[in-house]
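Down below is the structure, laid out as structure tokens.
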Amino acid sequence: MIGALVAGITGAPSPPTSFDSIATITATGSESTLTLNSIPGTYKHLQLRGIAAGASTSYAILRFNNDSGSNYVAHFLYANGSSVTASALTAQTALYPFRAYSTTSSFFGSGVTDILDYASANKNKTIRSLTGDDESPLIMFNSGLWLNTAAITRIDLVSQSGNFRSGTTFALYGLKDS
Amino acid sequence: MAVTYEPIATTTFAGGTASATFSSIPATYTDLVMVSFLRAGSTNSSYVLRLNSDSGANYSTTVLYGDGTSPGTNRYASQTSGYLTYYGFPTTANTFGSIITNFQNYSNSSSYKTYIGRSQNSNSGTDTLFSIWKSTAAINSITIYAGDTFASGSVVTLYGIKAA
């Protein structure tokens, strides 16, 4: 992931010194949407790390800048222990960075999502995610595109159905460039 | 601003060692990231980990792998250890495999602990896996095991990431 890659890959890696915690949001059990707002434009990239669960949801889906239009494209490569699947979705109303399938307490999906060059004003925004869960076993790479060149200032993580379980947590980090 | 991403400990192998443990992991971070550069001592074999020295059948792993010919997947449920990597590590001199293993929310007391790994073995292939340890205890130790041994020069660093 971004942080460890920046650290270097020789001998004992040094930690990045430009990796800052921006904000953390945690569900209490009564939220279907968790919002990270007023994201500063002072970093180069963002990383979103978290655990997620919902009784009737498979994913914590993601929207940028409150855009719920059909402006997202996603690609997936995933496996469940029995089969490997590659798929693509266009004209979506959100991206799918985090698995969140869980009907049993204590089970949470988890993942890490990189949001690259998020503050650019002339690039459509991209993400790359690695996520999985065990109750409905899945390991997944996915990538996403938001067809909008606006700087990202807000991220909404939305349960596809029902509320997030209490303890669902997303932490946002910023990575500076030189 | 406080350091968000910092090293906790590093283990460098002198060769002939079959395991290594990060113990007394502080509970003050949000996530852990384990960055590993490993070479097999003489025989590439299975590489696993245990958390908090738990050797019960409390680990399950789902893996996606590819070797340049075809992708594949396996599921290992209710095992006595979690998988660290599917393809293991090279035995070739000066050639190391690499893994980044993310442990999310490792110190909370309400969720089973999960980790996601991405690894490569240049002699074999690349893989990614999702594992669960069915315990709600905070992770305070991580032990990695080689089926054979870890070669000299292998190194593993554990980092902590602290959220606001």
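Laboratory data are not the source of any read-out in this text; all were calculated from the coordinates shown. Source: prediction; values computed, not measured. Positions of Cβ are generated from backbone atoms using ideal geometry, with glycine treated the same way; all protein chains shown enter the neighbour counts.
Annotations
- When the protein assembly as shown is reduced to its Cα atoms, the Kirkwood hydrodynamic radius in Å: 20.1
- Gyration tensor over alpha-carbon atoms, the stretch A:76-170, equivalent ellipsoid semi-axes in Å: 25, 17, 11
- Principal axis box of the stretch A:116-178, alpha-carbon based, largest edge first, Å: 40, 26, 22
- Over chain A, volume per residue of the alpha carbon convex hull, in Å³: 127
- Of the residues B:Asn52, B:Asn74, B:Asn140, the one that moves most in a GNM of chain B with alpha-carbon contacts below 10 Å is B:Asn74.
- For chain A, built as a Gaussian network whose Cα springs stay under 10 Å, the top-fluctuating residue of A:Ser32, A:Ser56, A:Ser82: A:Ser82
- The relative contact order of the stretch B:91-140, computed from alpha carbon pairs under 8 Å that lie at least 6 residues apart in sequence, is 37 percent.
- Bridgeable aspartates and glutamates around B:Lys162 (alpha carbons under 16 Å apart, same-chain partners fewer than 8 residues away excluded): A:Asp20, B:Glu6, B:Asp31.
- Among the residues of A:43-50, the average count of other protein chain beta-carbon atoms within 10 Å of the residue beta-carbon is 2.
- Residue exposure sequence - A:His45, A:His75 - by fewest surrounding Cβ within 10 Å: A:His75, A:His45
- Using just its DSSP H runs of length 4 or more, each adding -39500 (n - 2.57), chain A gives a mean residue ellipticity at 222 nm of -500 deg cm²/dmol after division by all residues.
- Surrounding net charge for A:Thr35, when Lys and Arg each add one and Asp and Glu each subtract one, Cβ distance under 10 Å: 0
- The order of B:Val63, B:Val33, A:Val73, going from fewest to most other C-beta atoms within 10 Å of their C-beta, is A:Val73, B:Val63, B:Val33.
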